[in-house]
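Structure first, then comments.
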Amino acid sequence: MPHVSVTYGSGDNPIYQVGGKSFIFFRTPRPDAVDPETGERYQDVIVFWVASEAEKQALVQDQGSPFFTTPHFDGHLSVLVRGSRINELTRQELAEQVQDAWLSRASARRAKAWLSEHL
């Protein structure tokens, strides 16, 4: 995706940004995303921005989907996925999720230019 920069969070986790706005980041382990059997914090959570609450709900409503959310992200236009489950997505599905995350955070001008070249 064009105009992407990578910064690093406090845990040296990569944060992908467009125009200074995060659209994907690798989250540091937090108490709201834990293994239900062991209670251990997930070490591999990736956050993807989404365009709307409806899109978020469409991704997380299927219990078999690798996408999920936590109460910490209520009202936040993003979904979570464990890195260990990313292989459950096809390459095309993952590419679309990355593109959608980028489009949700890019400026209108950049989004329009990218869409005109790719659709």
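For the chain, what is the calculated [θ] at 222 nm in deg cm²/dmol (nearest 500), taking -39500 (n - 2.57) for each run of four or more DSSP H residues and dividing by its residue count?
-8500 deg cm²/dmol
Taking only Cα atoms and a 10 Å spring cutoff, compute GNM fluctuations for the chain and point out the largest among Pro71, Pro14, Pro29.
Of Pro71, Pro14, Pro29, the Gaussian network model singles out Pro71 as fluctuating most.
Can you tally the net charge around Gly75? Count Lys and Arg as +1, Asp and Glu as -1, for every other residue whose Cβ sits under 15 Å from the Cβ of Gly75. Don't skip to the end; give the middle numbers.
Values: positive: Lys56; negative: Asp32, Glu53, Glu55, Asp74.
Neighbourhood net charge equals -3.
Which order do Ser104, Ser10, Ser22, Ser84 fall in if you start with the one that has the fewest other Cβ atoms within 10 Å?
Numbers: Ser104 19, Ser10 6, Ser22 16, Ser84 12.
Starting with the residue having the fewest Cβ neighbours, the order is Ser10, Ser84, Ser22, Ser104.
Where the only charges are on Cβ atoms (+1 Lys, Arg; -1 Asp, Glu), what is the dipole of region 1-84 about its Cα centre, to the nearest 20 debye?
It works out to roughly 280 debye.
Tell me, Leu119, Leu94 in order of fewest to most beta-carbon neighbours within 10 Å?
Leu119, Leu94
Would you mind computing, in nm to one decimal, how far apart the modelled labels at Met1 and Asn13 are, each placed 7 Å from Cα along Cα→Cβ?
1.7
How do His118, His76 rank when sorted from fewest to most other Cβ atoms within 10 Å of their own Cβ?
Details: His118 7, His76 14.
Arranged by neighbour count, lowest to highest, His118, His76 become His118, His76.
No value in this document is a laboratory result; all are computed from the given coordinates. Here the structure is a predicted model, which is why all the values come from computation and not from measurement. Because the Cβ atoms are built from the backbone with ideal geometry, glycine has one as well, and the counts that use them run over all protein chains shown.
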